[in-house]
Amino acid sequence: MLFWQSMQYDHIEATSEDDFVTKSVAVLKERITQSLDEFGSAIIGLSGGSTPKAIYTALGKEDLDWSNVFIFLVDDRYIDASDSDSNQKLVHETLLTNASIPDENIIFPDTSLPLEECIKTYEVNLAELLSKGIPHTVTLGLAEDGHIASLFPPVPPAGYGDHLVIHTETDAFAVHDRITTTMVVIGSADRKIFFLKGDQKKFVWDEMMQSEDSEDMDRWPAKAALQLGGGVVVSLFA
């Protein structure tokens, strides 16, 4: 696999949708294998959306020591876990269809709880997981409005605060209430992998990279992720 350095991140460019999935899976498999070899386990944060569906499905079919892989959600919508818009439903129907990850290694928010209790419980469970070490990898997207996870511009101060998990709200989508990890979690990851598909996503990424430094924190949370250490990989098909 060929990488080339572009500003602050490694760039993988795909020539087709199949190539995009293949190269994205290869990056994730490589990262999981490295973490398993070095630490004996791999802690992976997963984002949702339509772009990673095929990637997660294909990844789940790879020959890996899934018994020592731990996964959590970077964010989710505050809806029933069986809802079609639920990120945990997405992960169950893609990655977990084939990857034999033990139930105790799967850390998802319990959206059947009242919202405040859901947030607090997820933070406790995530803190227990991260007591084993920082996230080895998190997967991220980039929306047309510039949000990553459910950190919507302008990102509230709590998104850069001390908590691991917060509640955010948006009027831009049908599901207003969101549960999201903060930059404490995202920024601490040893490797952040962005999956970008389509000309519009490339345009937004380029716009962000060309923006003034004064716009960084509130307008572009992805820039904060770039600046907080660890490696960044952008897998692009446009």
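A few comments on the model shown:
Residue by residue, here is whether (1) more than 18 Å from residue 149 (Cβ to Cβ); (2) of a type outside the set (Gly, Ala, Ser); (3) in contact with a strand residue (DSSP E or B) (Cβ under 6 Å, 6 or more places away or on another chain) holds:
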{"site": "23", "(1), (2), (3)": "yes, yes, yes"}
{"site": "33", "(1), (2), (3)": "yes, yes, no"}
{"site": "43", "(1), (2), (3)": "no, yes, yes"}
{"site": "58", "(1), (2), (3)": "yes, no, no"}
{"site": "63", "(1), (2), (3)": "yes, yes, no"}
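- When each of 148, 71, 179, 166 is tested for being in contact with an Asp or Glu (Cβ under 6 Å, 6 or more places away or on another chain), closer than 28 Å to residue 201 by Cα and of a type in the set (A, V, I, L, M, F, W, C), the lone residue that passes is 179.
- Filter pass, residue 229 being out of contact with any helix residue (DSSP H, G or I) (no Cβ under 9 Å at 6 or more places or on another chain), in contact (Cβ under 8 Å) with a residue 12 or more places away in the chain and within 15 Å of residue 138 (Cα to Cα): yes
- Taken over the range 174-195, the criterion of being farther than 27 Å from residue 11 by Cβ and crowded, with 23+ Cβ neighbours inside 10 Å is satisfied by 179 alone.
- No other residue among 216, 171 is surrounded by 15 or more Cβ atoms within 10 Å (Cβ to Cβ) and without any contact (Cβ under 8 Å) to a residue 24 or more places away in the chain apart from 216.
- Test for residue 80: is it over 18 Å from residue 134 (Cβ atoms), at pLDDT 95 or above and among the charged types (D, E, K, R): yes
- Filter result for the condition that a residue is more than 18 Å from residue 168 (Cα to Cα) and surrounded by fewer than 22 Cβ atoms within 10 Å (Cβ to Cβ), over 95, 59, 90, 64: 64
- Applying the condition of being of a type in the set (A, V, I, L, M, F, W, C) and more than 15 Å from the chain's Cα centre (by Cα) to the range 16-36 and asking which residue is nearest to residue 189 (Cα to Cα) yields 36.
- Given (1) touching a helix residue (DSSP H, G or I) at 6+ places or on another chain (Cβ under 6 Å); (2) hydrophobic (A, V, I, L, M, F, W, C); (3) within 23 Å of residue 29 (Cα to Cα), index of the condition residue 166 fails: (3)
- Put simply, of 180, 168 the only residue that is under 18 Å from the mean Cα position of the chain (by Cα) and over 25 Å from residue 54 (Cβ atoms) is 168.
- Pick from the range 98-116, criterion farther than 21 Å from residue 165 by Cα and either of a type in the set (S, T, N, Q) or modelled with pLDDT under 95 (or both), ranking: surrounded by the fewest Cβ atoms within 10 Å (Cβ to Cβ): 100
The values are calculated or read from the model by the stated rules, or taken from the named source; none is laboratory data. Just so it is clear, the model here is predicted, and its values are computed rather than measured. With ideal geometry, Cβ positions are generated from the backbone for all residues, glycine too; neighbour counts draw on all protein chains shown.
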